[in-house]
Amino acid sequence: MTNPDIALPDAEVLCQQLIKDVQTLIREKNLQKPLLIGIRTGGAWLAERLQKALSLPELGILDISFYRDDFDERGLSSQAKGSELPDSIENRDIILIDDVLMSGRTIRAAMNEIFDYGRPASIKLVCLIDIGQRQLPIQTDLVGAKLELESGKKVKLSGPSPLLLSVD
Amino acid sequence: MTRHSDPTQVQLTADGRLKHFLTTEGLSKALLTEILDLADSFISTQERAVKKVPLLRGKTVVNLFFENSTRTRSTFELAAKRLSADILNLDIARSATSKGETLMDTLWNLEAMYSDMFVVRHADSGAAHFIAEQVTPGVAIINAGDGRHAHPTQAMLDMLTIRRHKGSIEGKTVAIVGDILHSRVARSQIHALKTLGAKEIRVIGPATLVPKEMTDLGASIHYDMTRGLKDADVVIMLRLQKERMSDALLPSESEYFKLYGLTEEKLKLAKDDAIVMHPGPINRGVEIDSAVADGEQSVILNQVSYGIAVRMAVMAMAMSGQASEQAKQKAGDNA
C-alpha cells in the first residue's frame with residue numbers, strides 16, 4: 001500500500017551509498033576489526049550486503065525477539081529464530097545495522113542482547129531510513145535518508161533482493 | 001478427578017496459540033514445530049556467556065510437584081531462571097496438602113502470592129487439566145506429568161532430540177520399549193510422533209505391560225525385540241519401575257533384562273545409525289546395558305540439555321498466549 005503522496009527513496013541506491021559511508025567510517029575511526037551485526041530481518045539483509053561489499057570475514061545476525069519490551073502486550077513473535085553471533089564480541093568495534101529507525105526501542109533491545117554476549121569496545125549505529133518519532137535517546141552514526149511521515153504511517157523494507165521501501 | 005472439557009481446547013487461545021501446555025494430543029503439526037523451532041533458539045542462547053534472556057523478567061513461576069522428580073523439577077527451574085523469571089519450588093508431597101489442605105486451596109493461596117505460572121506434577125491423570133480450568137485467567141499451567149496420562153514436555157524434548165540427531169521426525173521408524181502401560185511419556189510421545197509424521201511407531205514389551213489400545217493411537221504392538229527393533233531409526237527405552245515386580249506384572253529383573261533389556265547385540269537389529277534414548281533415570285542392567293547407555297549411539301545426556309530448551313520454549317509460548325489474551329480482553333473491556 002504505497003502512499004503516492006510520499007516520494008520514497010530507492011533502497012538500492014541508499015544501500016550503495018551506505019556501503020561507501022561505512023567504508024569511510026571504518027577508515028576515519030580507525031576500526032581495526034569491525035564486526036557488522038544486522039538486526040533481523042531487514043537489518044540482516046543490509047548487513048549481508050555490506051559484509052560482501054567490504055569483504056569482511058564475519059557477520060552477526062541479531063534476533064531481538066527475546067529482548068523486546070512489549071512482551072506483555074504482544075507476546076512472543078512466532079518468527080523468533082535466535083541470534084547468530086561470532087564466538088566472542090569482547091572488545092570488538094560493532095557496527096549495528098537496522099533498516100528503519102523509529103522509536104529506538106529495537107536498538108535498545110539489540111544493545112541489551114549484545115551485552116549478554118560480551119563487552120564490545122564500541123557500537124556504531126547505521127540505519128537505512130530514519131523516520132523520527134523517537135521515544136528513547138538513541139541516534140544514528142550513519143543514515144541513508146531521513147523521512148517525515150504522517151502520524152500513524154510506517155516505512156517497511158522488503159527484500160533481500162531487490163531491496164524495496166514501501167509505506168503502510 | 002473429573003474432566004470437564006477437552007484438554008486440547010483448554011490449552012489454546014481463541015486464535016489457536018498455546019496458553020497452557022497440558023498434552024501433545026490434538027495439537028497441530030505447525031504448533032509442535034513452533035515449539036521445536038523456539039527450543040532450537042534457546043539452545044543457542046544457553047551456549048552464551050550469559051545464559052539468561054529477559055523474556056519472563058518479573059514473572060513468578062511456581063514448581064508445584066505433588067510427586068517427587070529431581071530431573072524434571074530442576075530442568076524446569078533452570079528453564080524459568082534462564083528466562084529471567086523468579087521461581088518458587090514447592091514440595092507439596094511434604095507440605096500443606098499433607099495437613100489436609102485441598103488442591104484448590106493450595107492453588108488459591110499461591111495465586112494470592114501473584115504467581116504467573118504453575119508447573120504441575122501430580123499422580124492423578126487430569127490434574128493439570130483440572131487446575132487449568134479453575135485457575136484465574138492470565139495464569140499459565142504447564143503439565144510436568146499427570147498420572148498415566150501425559151508428560152508433554154518430555155515428549156517434546158524427545159522430538160527435539162530426534163530432529164537434531166536424525167534431521168527430522170518424518171519418515172522415521174521409532175521403537176518404544178518397556179512399561180508402556182504405566183507410561184505417560186509413551187502416550188505423549190506417540191501423539192507427537194504421529195502428528196509430526198513418523199513412518200512407523202512400534203511399542204515393544206511384555207503383554208502385561210503393553211495395552212492393546214496402543215493400536216488405536218497409531219502404534220503397532222510387538223512382544224519380542226527381534227521383530228520390534230528391526231531397522232528402527234530411533235530406540236526409546238522406558239524406565240522399568242521396580243514396584244511392577246511386586247504387582248506381579250513381571251517375573252524378575254534378570255528375566256526382564258534377558259527379554260527386553262537393550263544390549264549391544266540387540267541394538268544391532270536396528271539401523272546402523274540408530275540413536276538410543278531414555279527419559280531417565282536409567283536402571284543399568286535392567287532395561288539397558290551400561291555399554292549401550294554409555295555407547296556412541298546413546299543421546300541420553302543430550303536429552304537432558306534439550307529438556308531445558310524445550311521447557312523454556314513452552315513456558316515462553318504459554319506466557320505469551322496468556323499475555324495476548326489478556327491484552328485482547330483489556331482492549332475489549334475498553335471498547
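The values are calculated or read from the model by the stated rules, or taken from the named source; none is laboratory data. Predicted model only: the values in this text are computed from it and were never measured. Don't worry about glycine lacking a Cβ; one is built from the backbone with ideal geometry, like all the others, and counts go over all protein chains shown.
Residues are listed down the side, and each one gets a yes or a no for (1) of a type in the set (Val, Ile, Thr); (2) under 30 Å from A:Gly152 (Cβ atoms); (3) within 12 Å of chain B (Cβ to nearest Cβ); (4) in contact (Cβ under 8 Å) with a residue 24 or more places away in the chain:
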{"site": "A:Ile26", "(1), (2), (3), (4)": "yes, no, no, yes"}
{"site": "A:Pro34", "(1), (2), (3), (4)": "no, no, no, yes"}
{"site": "A:Glu48", "(1), (2), (3), (4)": "no, no, no, yes"}
{"site": "A:Ala53", "(1), (2), (3), (4)": "no, no, no, yes"}
{"site": "A:Asp69", "(1), (2), (3), (4)": "no, yes, yes, yes"}
{"site": "A:Ile107", "(1), (2), (3), (4)": "yes, yes, no, yes"}
{"site": "A:Ile114", "(1), (2), (3), (4)": "yes, no, yes, yes"}
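Exactly one of (1) under 17 Å from the mean Cα position of the chain (by Cα); (2) closer than 18 Å to A:Ala44 by Cα is unmet by A:Pro86. Its number?
Evaluating A:Pro86 over (1) under 17 Å from the mean Cα position of the chain (by Cα); (2) closer than 18 Å to A:Ala44 by Cα leaves (1) as the failure.
Checking A:Gly104 against (1) surrounded by fewer than 19 Cβ atoms within 10 Å (Cβ to Cβ); (2) modelled with pLDDT under 95: exactly one of these is not met. Which one?
(2)
Every residue in segment B:66-83 that is buried (at least 17 other Cβ atoms within 10 Å of the Cβ) and of a type in the set (Ser, Thr, Tyr), please.
Within segment B:66-83, B:Thr72, B:Thr75 qualify.
Give, as residue ranges, the helices (runs of 4 or more DSSP H) completely inside segment B:225-335 that count at least 3 residues that are of a type in the set (S, T, N, Q) and surrounded by fewer than 23 Cβ atoms within 10 Å (Cβ to Cβ).
Working: elements: B:225-229, B:243-246, B:253-260, B:264-267, B:290-293, B:300-334.
Helices (runs of 4 or more DSSP H) meeting the threshold: B:300-334.
Residue by residue through segment B:211-267, note down the ones that are of a type in the set (A, V, I, L, M, F, W, C) and free of Cβ contacts under 8 Å to residues at least 24 places away in the same chain. Talk me through it step by step, then tell me what you get.
Taking segment B:211-267 as the starting set, the residues that turn out to be of a type in the set (A, V, I, L, M, F, W, C) are B:214, B:217, B:219, B:221, B:225, B:229, B:232, B:234-238, B:240, B:245, B:248-250, B:257, B:259, B:262, B:267.
Listed by number, the residues that qualify are B:Ile221, B:Met245, B:Ala248.
Residue-wise test of (1) within 14 Å of chain A (Cβ to nearest Cβ); (2) in contact with a Phe, Trp or Tyr (Cβ under 9 Å, 6 or more places away or on another chain); (3) not basic (Lys, Arg).
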site	(1), (2), (3)
B:Glu287	no, yes, yes
B:Gly295	no, no, yes
B:Ile300	no, no, yes
B:Gln303	no, no, yes
B:Gly321	yes, no, yes
B:Ala331	yes, no, yes
B:Asn334	yes, no, yes
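Table: residues versus (1) assigned to a helix (DSSP H, G or I); (2) surrounded by 18 or more Cβ atoms within 10 Å (Cβ to Cβ).
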residue	(1), (2)
A:Leu36	no, yes
A:Gly43	yes, yes
A:Gln51	yes, yes
A:Ile61	no, yes
A:Ser65	yes, yes
A:Asp72	yes, no
A:Ser77	no, no
A:Gly82	no, yes
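Quick test for you: out of B:Gln134, B:Gln46, pick the one residue that is touching a helix residue (DSSP H, G or I) at 6+ places or on another chain (Cβ under 9 Å) and closer than 29 Å to B:Arg187 by Cα. Before the answer, list the steps.
Values: B:Gln46 fails: closer than 29 Å to B:Arg187 by Cα.
Answer to the check: B:Gln134.
Would you pick out the residues in segment B:36-79 that are part of a helix (DSSP H, G or I) and within 14 Å of another protein chain (Cβ to nearest Cβ)? Break it down stepwise before answering.
Quick first cut of segment B:36-79, residues part of a helix (DSSP H, G or I) only: B:36-45, B:70-79.
Matches in segment B:36-79: B:Leu36, B:Asp37, B:Leu38, B:Ala39, B:Asp40, B:Ser41, B:Phe42, B:Ile43, B:Ser44, B:Thr45, B:Ala79.
Residue by residue through segment B:140-175, note down the ones that are over 13 Å from B:Val310 (Cα atoms), surrounded by fewer than 24 Cβ atoms within 10 Å (Cβ to Cβ) and of a type in the set (Val, Ile, Thr).
B:Thr173, the sole residue that qualifies.
Which residue out of B:Pro251, B:Pro279 is outside the structural domain of B:Ser69 (by TED's automatic domain parsing) and within 22 Å of the chain's Cα centre (by Cα)? Working first, answer last.
Details: B:Pro251 fails: within 22 Å of the chain's Cα centre (by Cα).
Checking each option against the conditions leaves just B:Pro279.
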